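Some notes on the structure that comes next.
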Amino acid sequence: MNVTINASFLPHTDPAASLAFYRDALGFEVRNDVGYDGMRWITVGPVGQPDTSIVLHPPVADPGVTDDERRTITEMMAKGTYAMILLATPDLDGVFARLEAGDAEVVQEPTEQPYGVRDCAFRDPAGNMVRIQEQR
């Protein structure tokens with residue numbers, strides 16, 4: 001069996017701020033940008049990896065989500081506990097410096113973890129946790 005990850009979904013609250021973070025600060029390319037009824041779904045991904053994408057989506061667009069669930073989602077996003085993604089790079093210090101210079105919210109500077117990885121963490125403009133591991 002050959003199964004791959006095609007896309008992961010992260011909520012966004014401000015399309016322009018999300019583009020600035022994922023495209024301009026992280027260097028991802030924009031693969032699709034679709035608007036509908038005042039909302040935007042933006043697909044980004046690492047350059048040279050066309051089969052792996054992140055879809056930045058409006059978190060409350062699903063008509064099956066209740067008003068109480070919308071409030072809970074909004075509260076969790078504001079606290080940074082709703083969504084997370086784990087990225088990897090061979091140049092952790094360089095990526096950290098680029099994101100820090102771009103005013104991204106630093107959660108953790110590059111750190112050697114007791115479980116054997118070196119990583120850092122940021123929050124994107126919507127509050128999503130973005131952890132970046134160093135590839136060894």
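Multiplying the sequence separation of MET39 and ASP62 by 0.36 nm and subtracting their Cα-Cα distance, what value in nm do you get? Working shown, then result.
Details: separation 23, 0.36 × 23 = 8.28 nm, distance 1.16 nm.
Result for the pair: 7.1 nm of gain on full extension.
Over segment 1-48, with the other protein chains present, what is the accessible area per residue in square angstrom, probe 1.4 angstrom? Mind dumping the intermediate values first?
On the way: 2950 Å² over 48 residues.
In whole numbers, segment 1-48 has 62 Å² accessible per residue.
In whole percent, how big is the carbon plus sulfur part of the accessible area of the chain, probe 1.4 Å, protein atoms only?
Working: 4100 of 7980 Å².
Answer for the chain is 51 percent, counting heavy atoms of protein chains only.
As I understand it, the dipole of the chain uses +1 on the Cβ of Lys and Arg and -1 on the Cβ of Asp and Glu, about the Cα centre. Which of GLN135, ALA78, GLY38 lies farthest toward its positive end?
Going by the charge dipole, the pick is GLN135.
With runs of 4+ DSSP H residues as the only contributors, calculate the mean residue ellipticity of the chain at 222 nm using -39,500 (n - 2.57) per run, divided by the residue total and rounded to the nearest 500. Write out the running numbers ahead of the final one.
Working: 3 runs with 28 residues, N = 136.
After summing the helix terms and dividing by the residues of the chain, the value is -6000 deg cm²/dmol.
Identify which of ASP119, ASP24, ASP51 has the largest mean-square fluctuation in a Gaussian network model of the chain, with springs joining Cα atoms closer than 10 Å.
Result: ASP51 has the largest fluctuation of those listed.
For the pair LEU87/ARG136, report the inter-label distance in nm, with labels modelled 7 Å from Cα in the Cβ direction.
2.2
Give me the extension gain from ASP103 to ASP24: residue separation times 0.36 nm, minus the current Cα-Cα distance, reported in nm with one decimal.
Details: separation 79, 0.36 × 79 = 28.44 nm, distance 1.17 nm.
Gain on extension, ASP103 to ASP24, equals 27.3 nm.
Can you divide the C-alpha Rg of the chain by 2.2 N^0.38 Å and report the result to two decimal places?
Details: Rg = 15.5 Å, N = 136, 2.2 N^0.38 = 14.2 Å.
Ratio of Rg to 2.2 N^0.38 Å for the chain: 1.09.
May I ask for the net charge around ALA20, where only other residues with Cβ less than 11 Å from the Cβ of ALA20 are counted and Lys, Arg are +1 while Asp, Glu are -1? Each step should come with its number before you reach the end.
Working: positive: ARG23; negative: ASP14, ASP24, ASP103, ASP124.
Computed value for this residue: -3.
R0 = 41 Å: FRET efficiency of TYR115 with ARG31, Cβ-based, nearest 0.05? Walk me through the numbers before you get to the answer.
Working: r = 33 Å, r/R0 = 0.80.
Step by step, r from the Cβ atoms, then E = 0.80.
Which whole-number percent gives the relative contact order of the chain, counting Cα pairs below 8 Å spaced six or more residues apart? Mind showing how you got there, number by number?
Working: 230 pairs, mean separation 33.0, N = 136.
Relative contact order here is 24 percent.
The values are calculated or read from the model by the stated rules, or taken from the named source; none is laboratory data. Please read these numbers as outputs of a predicted model, since none were measured by experiment. Every residue, glycine among them, receives a Cβ derived from its backbone with ideal geometry; neighbour counts consider all protein chains shown. To get the accessible areas, we keep the full protein, side chains included, count just its heavy atoms, and leave off ligands, DNA and RNA. Shrake-Rupley method; radii C 1.70, N 1.55, O 1.52, S 1.80 Å.
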